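**Q** Sending over a structure as structure tokens; questions will come in a sec.
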Amino acid sequence: MKKKVFSGMRPTGRLHLGHLVGALDNWVEMQDQYDCIFGIVDWHALTSEYQDVSQIKENVIDIAIDWLASGLDPEKSTLMVQSLVPEHAELHLLFSMFVPIPWLERVPTYKEQIVQLKEKDLSTYGFLGYPVLQAADILIYKAEFVPVGEDQVSHIELSREIARRFNNLYAPVFPEPKPKLTKAARLPGTDGRKMSKSYRNEIQLSEDPKSIRQKVLTMMTDPARMRRTDPGNPEICPVFDHHKVFTDTESREWVVEGCKSAGIGCIDCKNRLLEDMLPLVEPLYEKRVELEKSLGYVNDVLSEGSKAAREIASSTMDDVRQSMGLKY
Ligand code: TRP
Ligand code: SF4
């Protein structure tokens, strides 16, 4: 039997190239080897977006389209929406009975996010419980592996502690999930900072190739290279970070040599990048255009996937209720 994998994304907008090389490519690869469930976690989006819920539905469909366009395959994996499997909420509630508040206050992302998202009031019960809900997402499917980035490791660690505490208090129901770290490729945004929707520096993964070309051609470079005759340093240039992801060793050697000696211009360098980048992303754009015309299909994928997920979730909840003395 294949080992179980769960991972999720919050529906906070269209995905960008950082998601593709940071997470999705890995997920797509894992589909054959593991029994994968991927969730669009809309309640998690609410923990920070509760004041404006107008975008959530559209964002859920956008993520589903991006997932399908990138190669997540409903024939191989289960693609679900968190709120369509309300058992996650029941498990979250039961966990909340025995999870000590200090465990949650200690999670590094908790205080960081409160500081980073100052414009939002995150002093809520739901936001503090974010990682408890995440533990419920993972444990309800008894997932053994959770593919995530470095920033999520503390949440998976908390899921392990919750599983352990449940198993000790009641009955051994849950395996302890392990993070499966995504190989960290650094893909900065067009201004050199981390690619992020909130910085408006992202290249969407299913963006029109014309607009991708435009963004790459105006992308920030080594600021010391003001003129074509100034030598540059690829190691501090965001364009070169993209080369590391999209082009081969030979092209990168050409860039390093040409940049340091001012033998090539930044436009040459960017055009070389686009030669390899565009053929990779163009099919995603075309697939998106196609899927946007078949929203019925996209909705079916999510409702079928959520139905299948719900069967597993219900069976886990039977064990949970039984072991907590809630079977009447
Ligand atoms: N917290 C995750 C993130 O921000 C999203 C998430 C919610 C998740 N539930 C999950 C990831 C379960 C992995 C497993 O990226
Ligand atoms: Fe960056 Fe390439 Fe210009 Fe060098 S040549 S500064 S690596 S864009």
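The values are calculated or read from the model by the stated rules, or taken from the named source; none is laboratory data. Worth saying up front: this structure is predicted, and the values here are computed from it rather than measured. Methodologically, a virtual Cβ is constructed for each residue, glycine included, from the backbone with ideal geometry; neighbour enumeration extends over all protein chains shown.
**Q** Checking Ile114 against (1) more than 24 Å from Tyr34 (Cα to Cα); (2) of a type in the set (Val, Ile, Thr); (3) at pLDDT 95 or above: exactly one of these is not met. Which one?
**A** Result: Ile114 fails condition (3) only.
**Q** Could you tell me whether the range 248-264 includes any residue that is at pLDDT 95 or above, surrounded by 19 or more Cβ atoms within 10 Å (Cβ to Cβ) and within 28 Å of the chain's Cα centre (by Cα)?
**A** No, there is no match, as no residue in the range 248-264 is at pLDDT 95 or above, surrounded by 19 or more Cβ atoms within 10 Å (Cβ to Cβ) and within 28 Å of the chain's Cα centre (by Cα).
**Q** Do you know which of the residues in the range 168-199 that are crowded, with 20+ Cβ neighbours inside 10 Å and among the hydrophobic types (A, V, I, L, M, F, W, C) is farthest from ligand 2 (Cβ to nearest atom)?
**A** Phe174
**Q** Any chance you could count how many residues in the range 215-236 are within 11 Å of ligand 2 (Cβ to nearest atom), within 16 Å of Gly263 (Cα to Cα) and not small (Gly, Ala, Ser)?
**A** Residues flagged as within 11 Å of ligand 2 (Cβ to nearest atom), within 16 Å of Gly263 (Cα to Cα) and not small (Gly, Ala, Ser) within the range 215-236 amount to 9.
**Q** Within the range 28-59, track down each residue that is surrounded by fewer than 22 Cβ atoms within 10 Å (Cβ to Cβ) and closer than 13 Å to Asn299 by Cβ.
**A** Lys57, Glu58
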